[in-house]
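A.B. asks: Got a structure for you, questions after.
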Amino acid sequence: MHKNSAAIRFDEVTLGYGRRPAVHHLDGEIASGSLTAIVGPNGAGKSTLLKGIVGTLRPLEGRIDLTGAAGAPIAYLPQAAEIDRSFPLSVYDLVAMGLWSRAGLFGGIGAKNRTRVEQALASVGLIGFERRPISTLSGGQMQRALFARLLLQDSPVILLDEPFTAIDAKTTADLLDVVRRWHAESRTVVAVLHDLDTVKRVFPQTLLIAREPVAWGETQEVLSPENLLRARRMVEAYDPHAAPCERGAA
Amino acid sequence: MIELLYGPFAEFDFMRRALVGVIAIALGGGPIGVFLMLRRMSLTGDAMAHAILPGAAVGYLMAGLSLPAMTIGGLFAGVVVAVAAGLISRFTALKEDASLAAFYLLSLALGVTLVSLRGSNVDLLHVLFGTVLALDDSTLLLIAGISTVTVLALAVLYRPLVLECVDPTFLRSVSRTGTPTHLMFLGLVVLNLVGGFHALGTLLAVGMMMLPAAASRFWSNDITMMMLLSVLIGIVSGIGGLLLSYHAELPAGPAIILTAGAVYAASLVLGREGGLLWLAWPRRHLEA
């Protein structure tokens, strides 16, 4: 059923910095309830695309429609989240931030939500870490805590930017279980990934991008050797004399 | 012996007033200092304290040592510098710390010049170092009012303020309260500096914020605890400083800040969270 409705629709979207495009003329949609990997070389515009969806970066041209998200805030895990690890905060409090949309500025958390926090901590294997200051967490434990926070956000659309970079195999496997669970709950999940084996094993849909979209669809077809080679070639050098883009200008 | 501790306050009205003043300043200043420190804005607080000077000086030029004129002038100048430094760092290549340094040097020079235009050296000392032993009713009310507003506002802003320090990207993704929270916080900083300015002067007002906050960091890993400790340290320093100034016949403002400095130094050495003693003689490591 989720094939029919789009969670996120791109209408000739160009995203970039200054006037230089990082994502050039992307057109298409991410189906509601789908599990999509975004793959491509460094500098291909993957993180830029996520920023565009979250809304921290406005498109230079085109539109991004979040029709399927139904106005609910998107849960977004940025690449190397800019968290101040030295801040005197406990793991519990960090994770409980995920309740923002329920509790807002002043709302109490309440017994029901406390159970939710405990369940989220259990789902990512961080039971017993509640009172630990976040400064004592390892990289993998921090990522587990951030996944627990995403769980609590309970959003229909979840964006992950390189969630498993510099994360060990055990932690990756545990967190992929969380991703599978989201998929089973018909949430729309989009993840930027570099490990093609993980993509092939877990993600049915893939968008291969190298500034221009290279291929988009079933993972097996998208990740063909020819497409991957094309993606590699497409990340060109910076051109100081680039002319204004004429595509779609008429 | 114990007489020495409460005698001066029992005997003299001006000591009681000073006591109320420093306690009120500690109540608001401590938590603000903790947030300044955690947001890595310790020097911003210092720069803004200087920035208040020319505003207060203009007030002084127009109305003499008048409470409302100097308060309004100081508030205005503090807000202008805070906003200008923020704007310059956003739109030019200059980082915020550099533009703040530029502003505060200008402010200090301008302020001292303005006061000297009309007043005596006594007035200049009054503006720079405050008159904690000569707080009148309206000044006390102003300081107490500012502390009340500060504590209430922090209670309201607490959640976004913490979130904005820890994970600004996350706050931006769930809510738009980040920027207004930051601005209101800057407003609170200016308010508290203006309150502290009447008692301790522009140069020392920030001391009642930063020294207790920095000391509290050595005793706790928890932000709530740090705020409580910073208030406690502020009050103890205030009382200790007043007694020190009374018995040793030292100027009161500097005595208060020196006492706070002594508490900071002691915390630096003895503090359970990263104090020097614990670093020098670490205990044996644990099993897990």
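A.B. asks: Name the residues in region A:184-198 that are closer than 17 Å to A:ALA231 by Cα and either in a strand (DSSP E or B) or modelled with pLDDT of 95 or more (or both), would you?
C.D. replies: Selection gives A:VAL192 alone.
A.B. asks: Can you find a residue in region B:201-209 that is touching a residue at least 24 places away in the same chain (Cβ under 8 Å), hydrophobic (A, V, I, L, M, F, W, C) and within 28 Å of A:PRO133 (Cα to Cα)?
C.D. replies: Checked against the condition, which is being touching a residue at least 24 places away in the same chain (Cβ under 8 Å), hydrophobic (A, V, I, L, M, F, W, C) and within 28 Å of A:PRO133 (Cα to Cα), region B:201-209 yields at least one hit.
A.B. asks: For a quick check of your reading of the model, give me the residue pairs whose first member lies in region A:83-99 and is within 21 Å of A:ARG116 (Cβ to Cβ) and assigned by TED's automatic domain parsing to the domain that holds A:VAL117, whose second is surrounded by fewer than 22 Cβ atoms within 10 Å (Cβ to Cβ) and of a type in the set (Phe, Trp, Tyr), with beta-carbon atoms closer than 6 Å and at least 6 apart or on different chains.
C.D. replies: A:VAL91/A:PHE129
A.B. asks: Separate question: Give the number of residues within region A:56-66 that are within 12 Å of chain B (Cβ to nearest Cβ) and at pLDDT 85 or above.
C.D. replies: 1
A.B. asks: Here is a follow-up. Considering only residues of region A:139-150 that are more than 14 Å from chain B (Cβ to nearest Cβ) and either without any contact (Cβ under 8 Å) to a residue 12 or more places away in the chain or of a type outside the set (Gly, Ala, Ser) (or both), which is farthest from A:ILE30 (Cα to Cα)?
C.D. replies: Filtering first and then ranking leaves A:GLN141.
A.B. asks: Next question. Being modelled with pLDDT of 90 or more and polar (S, T, N, Q) is the filter; apply it to region A:156-183 and report the residue that is nearest to A:VAL124 (Cα to Cα).
C.D. replies: It comes out as A:THR171.
A.B. asks: For residues that are within 21 Å of A:ARG131 (Cβ to Cβ) and among the hydrophobic types (A, V, I, L, M, F, W, C), scanning just region A:101-119, find the one that is farthest from the other protein chains (Cβ to nearest Cβ).
C.D. replies: Within region A:101-119, the match that is farthest from the other protein chains (Cβ to nearest Cβ) is A:ALA111.
A.B. asks: Shifting gears a bit: Any idea which of (1) free of Cβ contacts under 8 Å to residues at least 24 places away in the same chain; (2) in the same structural domain as A:PRO21 (by TED's automatic domain parsing) is the one A:ASP177 doesn't satisfy?
C.D. replies: (2)
Rundown of residues vs (1) modelled with pLDDT under 90; (2) within 14 Å of chain A (Cβ to nearest Cβ), yes/no style:
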site: B:ALA155; (1), (2): no, yes
site: B:ARG176; (1), (2): yes, yes
site: B:LEU188; (1), (2): no, no
site: B:LEU191; (1), (2): no, no
site: B:MET208; (1), (2): no, no
site: B:ALA214; (1), (2): no, yes
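The values are calculated or read from the model by the stated rules, or taken from the named source; none is laboratory data. Worth saying up front: this structure is predicted, and the values here are computed from it rather than measured. Cβ sites come from the backbone with ideal geometry, for glycine too, and all protein chains shown count toward neighbours.
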